[in-house]
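Engineer: Dumping the structure here so I can ask a few things about it.
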Amino acid sequence: MHPRRQAERVPRLVPGARAEIISSTGHGPQIDHAQEINRRMLDFMASVD
């Protein structure tokens, strides 16, 4: 998986999607950076219908 390439593709291919890079993590960003991921998810959900 190429995170930067995916971060560019996802919003282009999925209307309304947002992709972000979380540095210093592996395959479990929701575990490695739980508070940051939760904050970003809540911010995103609050910004859409």
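Engineer: From Cα pairs below 8 angstrom and at least 6 apart in sequence, can you work out the relative contact order of the chain, rounded to a whole percent?
Structural biologist: This gives 20 percent for the chain.
Engineer: Quick one: net charge of Val14's neighbours, Cβ under 15 Å, K/R +1, D/E -1?
Structural biologist: Local charge sum for Val14: +2.
Engineer: A follow-up question, please. Taking just the alpha carbons, could you work out the radius of gyration and Dmax for the chain, both in angstroms?
Structural biologist: Expressed in Å, the Cα Rg and Dmax of the chain come to 11.6, 31.
Engineer: To make sure I understand, if each residue's beta carbon is the centre and we count other beta carbons within 10 Å, what order do Asp32, Asp49 fall in, fewest to most?
Structural biologist: By the 10 Å Cβ count, ascending, the order reads Asp49, Asp32.
Engineer: Applying the Karplus parametrisation 6.51 cos²θ - 1.76 cosθ + 1.60 with θ = phi - 60° to the phi angles of the range 23-32, what ³J(HN,Hα) value in whole Hz is obtained for each residue in order, glycine and proline being reported as x?
Structural biologist: Result, rounded to whole Hz: 7, 6, 9, x, 7, x, x, 5, 9, 5.
Engineer: When only DSSP loop residues count, what GluC sites (Glu not before Pro) in the chain have their Cβ near at most 15 other Cβ atoms within 10 Å? Don't jump to the answer; show the numbers that get you there.
Structural biologist: Numbers: sites: Glu8, Glu20, Glu36; in loops: Glu20.
When the GluC sites (Glu not before Pro) of the chain are filtered for loop state and at most 15 Cβ neighbours within 10 Å, Glu20 remain.
Every number in this text was worked out from the coordinates using simple rules, so none of it is lab data. For clarity, every value in this text was computed on a predicted model and none was experimentally measured. Here Cβ is always computed from backbone atoms with ideal geometry, including for glycine, and neighbour counts include all displayed protein chains.
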